[in-house]
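The block underneath contains the structure these notes are about, expressed in structure tokens.
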Amino acid sequence: MKLVSYKTEDREHLGVYINGHIYNLNSCDKLIPDNMNEFLWGGDELMEHAKRVNEEIRSGKTAAKEELFFELMAPVPHPTSCRDGYAFRQHVAAARRNRKVDMIAEFDQYPIFYFTNHNAIQGPGEIECMPDHFQKLDFELEVAVVLNKKGRNIRADEADSYIAGYMIMNDMSARTLQMEEMLLNLGPAKGKDFSTVIGPWLVTPDELEQYKTAPKEGHTGVTYNLTMKCHVNGVEISSGNMADMDWTFAEIIERCAYGCDVLPGDVIGSGTVGTGCFLELNGTGLLNNPNYQPQWLQPNDLVEMEITGLGMLGNIIKKSDDDFSILGLKK
């Protein structure tokens, strides 16, 4: 099942995407709330209601009305929180190699994450960025999950049951801002907090069953053989696979929930797949060829991320008319 959030006349709704069409779930079953947040708090019970409606529409048992005029939003437009992991060793190792420093030994000991701005979630369509963001503006190709159960001290071997579904994530990054502030050893802030893109829909785990594969040796949890690609202006830039995750979502959730509550509506990203951003690609290019020309996102660029089973997330990068610069405020 593919769940979507969308707007009609500035009202948000919850729908299901079937064969290129969107249908409102609440109109078919009044027990299903008409927004994603309330739906996720309903846990497995409401998920089963939605799956039943989805099957009835597919089979023709329910003559559901198709939405014709709508604006597609992020599937989870108002997360309770947004964390981003660091699960792909290939990406981390390449980035360290490109800076000519050793791989971090601790990477293989425990999964990590950072909190990003859950109020800066965006979906398909235009992404407006400030002038400072265009100082080495980057994409990051990732997978994300959203939870639909509350939990604390969750063990990895049960954590997959907390996942409502999977989405594509683009962890937008302003590298000049990011690198300057991280010199102070306090993690990403202004380099990340302006936009995190998810979409185009939330895919429930049952739809991905055919792609299920074993996690890497010594790890616990479900992973999937899903090809991940990113195109910029029609040119393939990145290619990887979700199965390359060293840390599983189950293991990341285990760490997230240690000593604190995770909540329905919490979004968790995988971290960047190998080759999944310009920062890594530029570093590798310069390492191999000193005449390599680095590339960064520019105004009006089209970014298209595609992951097997999860769809395609497309965004056009726009530049704000506001010329305000925080880089210009440095003492």
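Would you check if residue 95 is touching a helix residue (DSSP H, G or I) at 6+ places or on another chain (Cβ under 6 Å) and modelled with pLDDT under 95? Show your work before the answer.
On the way: touching a helix residue (DSSP H, G or I) at 6+ places or on another chain (Cβ under 6 Å): yes; modelled with pLDDT under 95: yes.
Answer is yes for this residue.
Please find, within the stretch 1-15, the residue that is surrounded by the most Cβ atoms within 10 Å (Cβ to Cβ) out of those that are farther than 17 Å from residue 168 by Cα and not hydroxyl-bearing (Ser, Thr, Tyr).
Taking the candidates together, the pick is 15.
Of all residues in the stretch 156-182 being closer than 18 Å to residue 207 by Cβ and β-branched (Val, Ile, Thr), which is surrounded by the fewest Cβ atoms within 10 Å (Cβ to Cβ)?
Step by step, filter the stretch 156-182, then rank; the result is 163.
Hey, residue 61 hits all of (1) under 30 Å from residue 272 (Cα atoms); (2) at pLDDT below 95 but one; which does it fall short on?
Status for residue 61: all satisfied but (1).
Determine which single condition residue 184 fails, assuming it passes every other condition in (1) aliphatic (A, V, I, L, M); (2) touching a strand residue (DSSP E or B) at 6+ places or on another chain (Cβ under 9 Å); (3) over 23 Å from residue 111 (Cβ atoms).
All conditions are met except number (2).
Only one residue in 117, 148 is touching a residue at least 12 places away in the same chain (Cβ under 8 Å) and either under 22 Å from residue 282 (Cβ atoms) or in contact with a helix residue (DSSP H, G or I) (Cβ under 8 Å, 6 or more places away or on another chain) (or both). Which one?
Only one candidate qualifies: 148.
Within the stretch 57-72, can one find any residue that is outside the structural domain of residue 202 (by TED's automatic domain parsing), surrounded by 14 or more Cβ atoms within 10 Å (Cβ to Cβ) and either farther than 24 Å from residue 310 by Cβ or touching a helix residue (DSSP H, G or I) at 6+ places or on another chain (Cβ under 9 Å) (or both)?
Scanning the stretch 57-72, I find at least one residue that is outside the structural domain of residue 202 (by TED's automatic domain parsing), surrounded by 14 or more Cβ atoms within 10 Å (Cβ to Cβ) and either farther than 24 Å from residue 310 by Cβ or touching a helix residue (DSSP H, G or I) at 6+ places or on another chain (Cβ under 9 Å) (or both), so the answer is yes.
Which one of these is surrounded by fewer than 16 Cβ atoms within 10 Å (Cβ to Cβ) and under 17 Å from the mean Cα position of the chain (by Cα): 272, 213, 227?
That would be 227, the only listed residue that is surrounded by fewer than 16 Cβ atoms within 10 Å (Cβ to Cβ) and under 17 Å from the mean Cα position of the chain (by Cα).
Within the stretch 78-88, how many residues turn out to be out of contact with any Gly (no Cβ under 6 Å at 6 or more places or on another chain) and surrounded by 19 or more Cβ atoms within 10 Å (Cβ to Cβ)?
The total comes to 2.
Looking at the stretch 247-295, which of its residues are of a type in the set (Phe, Trp, Tyr) and either modelled with pLDDT under 95 or over 15 Å from residue 141 (Cβ atoms) (or both)?
Residues satisfying the conditions are 247, 249, 258, 292.
Of all residues in the stretch 219-243, which are polar (S, T, N, Q) and part of a strand (DSSP E or B)?
223, 227, 238, 239, 241
Considering only the stretch 271-302, state which residues are on the phi > 0 side of the Ramachandran plot and among the β-branched types (Val, Ile, Thr).
Across the stretch 271-302, the qualifying residue is only 275.
The values are calculated or read from the model by the stated rules, or taken from the named source; none is laboratory data. Since the model is a prediction, treat every value here as computed from it, not as a measurement. All Cβ positions, glycine included, derive from the backbone under ideal geometry; neighbour counts span all protein chains shown.
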